[in-house]
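Below is one structure; the comments refer to it alone.
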Amino acid sequence: MLEYKVASVDSVIIYFANFISKENVKLVQQNYISLKKLNNKGLIDITPSYTSILIHYDLQYFSYKKIIEFLDENIALKTDVTQEEGRLVEVPIYYDEEVGFDLQRISQLAKLSIKDIIELHSSTKYSVYTIGFLPGFAYLGEVDEKIATPRLESPRSKIPKGSLGIADNQSAIYPVESPGGWNIIGRTYLDMFDKNIEGFSYLSVGDIVKFKPITRDEYIKNGGVI
Amino acid sequence: MIAGGLLSIVEDFGRFGLNDKGITNSGVMDEYAYIILNKLLRNPPNTNCIEITLGGLKLEVDDTCAIAVSGADANFSINSKKGDIWKTHNLKKGDLLEFGFAKKGARIYLGVKGGFDIKQELGSNSVTIKENIGTNLKSGDKLKFLDNSFDGYNICLKKEFIPSYEDNLTLRVILGYQENYFDEEQIESFFNQAYKISSQNNRMGYRLESKPIKCKIDGIISEGISFGAIQIPKDGQPIILLKDRQTIGGYPKIGSVLPIDCFKLSQLKAGNFINFKPISLEDAQAKMLKFKQLIP
C-alpha cells in the first residue's frame, strides 16, 4: 500500500503499511534514507516512524500537487535487497541489578534467571525503528518475546541518563534523565545524544544495534556513573 | 536582568531538519509579532529576540542601543514612563525596562538592533527548555548585544497592522488527514461548539475544553506530528500542538490549524474561547504564501 495524506498546510504523510512488521519498517527506512540523501531544499523535515514518513515541505518550492509528483518519482515500493543492512553499532552495557532496577521483575514474569535475560537481550541484533519522545531516544526492535515485558503501571519519576529499558518487544536507552515507564535492565556510559557529535544522535534510523555486556569496572573506567 | 518573569526565553524562527533525531522545531510562538519586530529594527528576519510569556521581565541596559517591543500589551515602561509597543526606542546606559502583566495577548517580543550575541545550538538560538537547550532568563543574567550604534531613528507600525488580540478567535482547520476516524456527527460538533482554553497551555500545545469528541479508535501507530495538528486523546478534549511539540505521537488527529491562526492562538490565555471552521488546502496554502511575503 502507498497512501499520501494531507497532514497540514505544508506537510504530507506517506503511509507504507497499516501494521508494523520488519519488512514494513525496512521499507520506511530505505525511503527515509534516500529522501534524506536528496538534500532537497524544499524538504524541511523528514520524520520516519514505524509505517510512515511525515514530510514538512516548503510552500515556496512545492504546492501539494508538486510534492506528490515529486514523491511519486522518488519513493520505492519494494525494499532493495541489494542495499546493505544499516550501519552496525555496538553499545556497551553494564547489565546488573545495581543499575537494572527491573531485572528482578522481568526474571519473575519471564521465569528466567537474570543471566538468561542478559544473554537473550545482548545476543539479539536490533534495528532502529524511529527516534522520538526525547532527542536521541531510539526505539529498537525487536526484543526476544521470552523477555518482552509491558511498561510499568506507574512510571518512575526519574530514570538515570543512559538507562537501557524494555517496553513490550521494544528496547531503548534514555539519552537524558527523564521520567519513564520502561523496565530498566542496565546502563551505558555513552552519550546517546550530544550536540557535539555528527548528526547529534548516537543512533540513526536504520542502524543495527548490538549490546555488549561489560563489567562494573569497565563501566566506571569509561566514565559511567552509578 | 533584574527579574526574569514567568518565562522569558531567547527565540528565533527555530531549528529545522532535526525532527528525525527527536528534536522539536521550537521557535517563536507568534511569528507575526516576531517578523514585525525585526522589520522595525531593520534586522535580518531570523535575528533572535526575547519571548516573554505574560510579562514580569525587568532589565537594565548597560550601553546605548535601539530596541523594539511587539506582541501583547503588558504595561511596558522605560524608566517608569509608559513605553509604546510596536515601536523602536533608542536607549542609553542605565535605562530601565519593565513589563507588567499582559492585559490583552500573552506573548511579548523584545528585540535589539543587531540581535543578542549568543552562540547557536543545533543551528538556532531558540531555547527549548524540555530539551535542555538554553534556560529561562533570571535575575543576574546578562545578554550581550553587538550593535551599540545610536542611530536615532524612530519607527512605529501603522495602526492598521497592529493586532487587537481579542479574547475569542476562530481557527481555520485543514481536514483531509484522519477525520475518517471520527463519525460525521462528531466532526459536526467539533465545528459547532465553542472551546475554552484550559490552564494546560504552553509552548508544546494548547489543551481545550468542551463536550468530548469521540474517536472510533483508541490510538494509531506512532507517527510524525505537524505544527498545528489537532490531537484527540482518549478523553475527547483536543490538544493543538505548537512549537515545542513532541516529534512523534500516537493519538488520532481530526485536522490541523492554519499556522497563521496558531500564531494568533499563542496570544490567547486560559479561559479564552475559540471555535473552528474548515478551510480548503488551496486556500490555506495561498494564505500562507501571502503571510510569508511579510518576511523580507
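Where a number appears in this text, it was derived from the coordinates with a stated rule and is not lab data. No experiment lies behind these values; they were computed from the predicted model shown. Don't worry about glycine lacking a Cβ; one is built from the backbone with ideal geometry, like all the others, and counts go over all protein chains shown.
Residues that are crowded, with 23+ Cβ neighbours inside 10 Å, within 14 Å of another protein chain (Cβ to nearest Cβ) and on the phi < 0 side of the Ramachandran plot: list the strands (runs of 3 or more DSSP E) wholly contained in the range A:123-208 that include at least 1 such residues.
So the answer is A:125-131, A:138-141, A:170-173.
Does the range B:115-136 contain any residue that is touching a helix residue (DSSP H, G or I) at 6+ places or on another chain (Cβ under 9 Å), surrounded by 14 or more Cβ atoms within 10 Å (Cβ to Cβ), more than 28 Å from residue A:134 (Cα to Cα) and in contact (Cβ under 8 Å) with a residue 12 or more places away in the chain?
yes
Kindly check whether there is at least one residue in the range B:202-217 that is within 12 Å of chain A (Cβ to nearest Cβ) and in contact with a strand residue (DSSP E or B) (Cβ under 9 Å, 6 or more places away or on another chain).
The answer is no; no qualifying residue exists.
In the range A:151-191, how many residues are among the acidic types (Asp, Glu) and touching a helix residue (DSSP H, G or I) at 6+ places or on another chain (Cβ under 8 Å)?
0
Can you name the residue in the range B:263-286 that is in contact with a strand residue (DSSP E or B) (Cβ under 8 Å, 6 or more places away or on another chain) and charged (D, E, K, R) and is also farthest from the other protein chains (Cβ to nearest Cβ) among such residues?
Filtering the range B:263-286 for residues that are in contact with a strand residue (DSSP E or B) (Cβ under 8 Å, 6 or more places away or on another chain) and charged (D, E, K, R), the one farthest from the other protein chains (Cβ to nearest Cβ) comes out as B:269.
Quick check on my filter: what residues within the range A:209-226 are assigned to a loop (DSSP other than H, G, I, E, B) and surrounded by fewer than 16 Cβ atoms within 10 Å (Cβ to Cβ)?
Matches in the range A:209-226: A:215, A:222, A:223, A:225, A:226.
Inside the range B:1-90, counting only strands (runs of 3 or more DSSP E) that do not spill past its ends, which hold 2 or more residues that are more than 14 Å from chain A (Cβ to nearest Cβ) and among the small types (Gly, Ala, Ser)?
Counting at least 2 such residues, we get B:65-73.
What residue, among those in the range B:138-162 that are in contact with a strand residue (DSSP E or B) (Cβ under 8 Å, 6 or more places away or on another chain) and within 18 Å of residue B:32 (Cα to Cα), is surrounded by the most Cβ atoms within 10 Å (Cβ to Cβ)?
My answer is B:157.
Conditions tested, residue by residue: (1) surrounded by 24 or more Cβ atoms within 10 Å (Cβ to Cβ); (2) over 13 Å from residue B:112 (Cα atoms); (3) of a type in the set (S, T, N, Q).
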| position | (1), (2), (3) |
| --- | --- |
| B:4 | no, yes, no |
| B:42 | no, no, no |
| B:69 | yes, no, no |
| B:89 | no, no, no |
